[in-house]
């Protein structure tokens, strides 16, 4: 859909206000004994905290004030339909396992999407104070060192690539085997990065992120940031990844094509 300059400026402003609200809601709980954690699963471990819920509520309150006609799809409180053709896709704390472990690899994910996918994305790391923004032809990092543009690296060879994922098992045994084929060729593979891996790719610090088992709210914010920074994100079949499932994020189209060819091998 066509978004005019006035509307895009408002969307950017609201997204930043939402990220600020989420920061304020989350930080009092990070690395404190006040953190209350629950497990969403009867088998296995999928944690949610009071901070997750407080952050999503804070972001929804901002939307109720400024963009009440838009749709919302959030991890903690589900979806609501809007009338504008735009939907805010929210993950209040992506990487809750890292959050409850005290590591700063978690982040707040915000996207504004239409029927084609994300038009704007934010990956915000409140504890470090870094905000990665991408959308409407602009990509920037705001952090302790000030404001700087985001631009992906120019790596085209897998043998020179730094590869990230979150879980060593990646997904199913078949998906893990596919990932490991790429890892065998890459220069360096790192694990446990959560959404911060995508932010580092957009910032030109890494070259590839490969994951599986994602939900839409896990990937839409990173897609907005990475694409604005010059990178490419698809699923493992080369199709749009904004509905979740598998994701292959790459710094360049050439690198993406080479990793995709390996992932597709049976």
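The values are calculated or read from the model by the stated rules, or taken from the named source; none is laboratory data. Quick caveat: nothing in here was measured; it's all calculated off a predicted structure. Ideal geometry is used to build each Cβ from the backbone, glycine not excepted, and the neighbour counts take in all protein chains shown.
Values computed for the structure shown
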item: Candidates 136, 45, 77, 132 - the one that is surrounded by fewer than 20 Cβ atoms within 10 Å (Cβ to Cβ) and at pLDDT 95 or above; result: 136
item: Pairs, first assigned by TED's automatic domain parsing to the domain that holds residue 48 in the range 58-80, second in a loop (DSSP other than H, G, I, E, B) and surrounded by fewer than 12 Cβ atoms within 10 Å (Cβ to Cβ), C-beta under 6 Å, six or more apart; result: 69/83; 71/81
item: Checklist (1) surrounded by fewer than 24 Cβ atoms within 10 Å (Cβ to Cβ); (2) in contact with a strand residue (DSSP E or B) (Cβ under 8 Å, 6 or more places away or on another chain); (3) at positive phi applied to residue 102, failing item; result: (2)
item: Matching residues, the range 142-163, being touching a strand residue (DSSP E or B) at 6+ places or on another chain (Cβ under 6 Å), crowded, with 22+ Cβ neighbours inside 10 Å and either farther than 21 Å from residue 214 by Cα or touching a residue at least 60 places away in the same chain (Cβ under 8 Å) (or both); result: 150, 161
item: Candidates 166, 189, filtered to the one that is in the same structural domain as residue 259 (by TED's automatic domain parsing), without any contact (Cβ under 8 Å) to a residue 40 or more places away in the chain, touching a strand residue (DSSP E or B) at 6+ places or on another chain (Cβ under 9 Å) and not in a helix (DSSP H, G or I); result: 189
item: Yes/no for residue 265 being at pLDDT below 95, over 26 Å from residue 96 (Cβ atoms) and touching a helix residue (DSSP H, G or I) at 6+ places or on another chain (Cβ under 8 Å); result: yes
item: Residues within the range 184-203 that are under 25 Å from residue 96 (Cα atoms) and buried (at least 17 other Cβ atoms within 10 Å of the Cβ), tallied; result: 13
item: Counted residues, the range 85-106 - those being farther than 17 Å from residue 23 by Cα and modelled with pLDDT under 95; result: 2
item: Filter result for the condition that a residue is in contact with a strand residue (DSSP E or B) (Cβ under 6 Å, 6 or more places away or on another chain), surrounded by fewer than 21 Cβ atoms within 10 Å (Cβ to Cβ), more than 18 Å from residue 107 (Cα to Cα) and not assigned by TED's automatic domain parsing to the domain that holds residue 93, over 243, 207, 235; result: 235
item: Total residues in the range 85-102, condition assigned to a loop (DSSP other than H, G, I, E, B) and either farther than 20 Å from residue 223 by Cβ or assigned by TED's automatic domain parsing to the domain that holds residue 215 (or both); result: 1
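A quick yes/no check of all residues on (1) under 11 Å from the mean Cα position of the chain (by Cα); (2) within 15 Å of residue 95 (Cβ to Cβ):
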site: 198; (1), (2): yes, yes
site: 203; (1), (2): no, no
site: 206; (1), (2): no, no
site: 211; (1), (2): no, yes
site: 221; (1), (2): yes, yes
site: 225; (1), (2): yes, no
